[in-house]
Amino acid sequence: MLAHPAGRPGKRFLRGTRSRQTMRPAEVLESYSHMMVLALVLGLLLGGFPALTKEISMASLALLMTFSLANIRLGEAFGKGQVKDAAVALFLNYVVLSGVILAMGWMFADEIWWGWILMAAAPSAVSVVPFTTIMGGRTGGVLFATAANYILALALMPIISLLFIGSAVSSWSLVSYLLVLIALPMVLSRGVMRLGLAKRTSTVTMNLAFAILIFAVAGANRNAFFDDPLLVLAVSVACMVRTFGTGLGTEYVLRRMGRPKEERIGHVLFASYKNLGLTATVAIALFEPMVAVPATICIVFEVVWVIWLARFYSRVSGPSEGKT
């Protein structure tokens, strides 16, 4: 998953997760959860785009990454005293979560296994930043860690992919895709930030871009969903463990250590979120749609997870609660 703007759009996100009898089209466009579910269902029903799935996926992800990264102000990210928190966050995302993903993926055959490897190699979702703000967490260290995560990903994704996949992946192709999907959006995001767009405009743009990506990826994997339900079930169980298992496990450990709520929130998100849009796009670009199945299914669990987590932290009292 990627980003959802902080502040007022975050309130729209929480409001959008509530059950309603009717929703206006504008409200649907502003609701991250509704847009993701709608795109997934339509992709499976309609079969995605008839052609140019890779190109459309890359274009929509590049747009999404550009607007997502525009929410990260480097002046805030590299504040004093945030290095330690960022180091913990990077450990949780690239050691704990990636380790669980590889352990889960090892049980699957090559094509699906490669999808898990790409997921483990991917950085955290940019949405960790706004979701931390929405849930009442401490944003400073999360900003620093996210910036560091994406810079390190330019090196870590090729290294991890080559280490576990080997000659089946083209290192030059992978690096070139990462430059287009990470480095270029980093540069373009500075220009988008200066435009001063309304948060609502950014929210709708990102939701539409991510919905197009999910529609394309889900549609390309339509046969896998309908022809092999046992595979979908097995991947779903693994997705549940890697998302809810690592997230709740991290929350439990940090609570036992007496960490305050506002510190735990960001760490729990780093321990349960990967950039699945990037994972799915790279899978289609480098291999074939089947390799994107783990990321496509995990997107569903991440949507459910963030809805549940927002409600969970809304019931948690405050800083001193973590010491009980």
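The table below gives the values:
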{"read-out": "Complete set of residues in the stretch 158-167 that are free of Cβ contacts under 8 Å to residues at least 60 places away in the same chain and at negative phi", "value": "Pro158, Ile159, Ser161, Leu162, Leu163, Ile165, Ser167"}
{"read-out": "Qualifying position, being under 24 Å from Pro158 (Cβ atoms) and among the aromatic types (Phe, Trp, Tyr), among Phe301, Phe270, Phe210, Phe312", "value": "Phe270"}
{"read-out": "Elements of type helices (runs of 4 or more DSSP H) contained in the stretch 214-295, each with 1 or more residues being under 20 Å from Leu92 (Cβ atoms)", "value": "229-240, 246-256, 261-270, 276-286"}
{"read-out": "Residue in the stretch 232-251 that is modelled with pLDDT under 90, surrounded by 16 or more Cβ atoms within 10 Å (Cβ to Cβ) and in contact with a Lys or Arg (Cβ under 9 Å, 6 or more places away or on another chain) present", "value": "no"}
{"read-out": "Residue ID - modelled with the lowest pLDDT, chosen from residues in the stretch 51-85 that are closer than 18 Å to Ala283 by Cα and in a loop (DSSP other than H, G, I, E, B)", "value": "Ala51"}
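The values are calculated or read from the model by the stated rules, or taken from the named source; none is laboratory data. The structure presented is a predicted model; accordingly, all values stated were derived computationally and were not measured. Ideal geometry is used to build each Cβ from the backbone, glycine not excepted, and the neighbour counts take in all protein chains shown.
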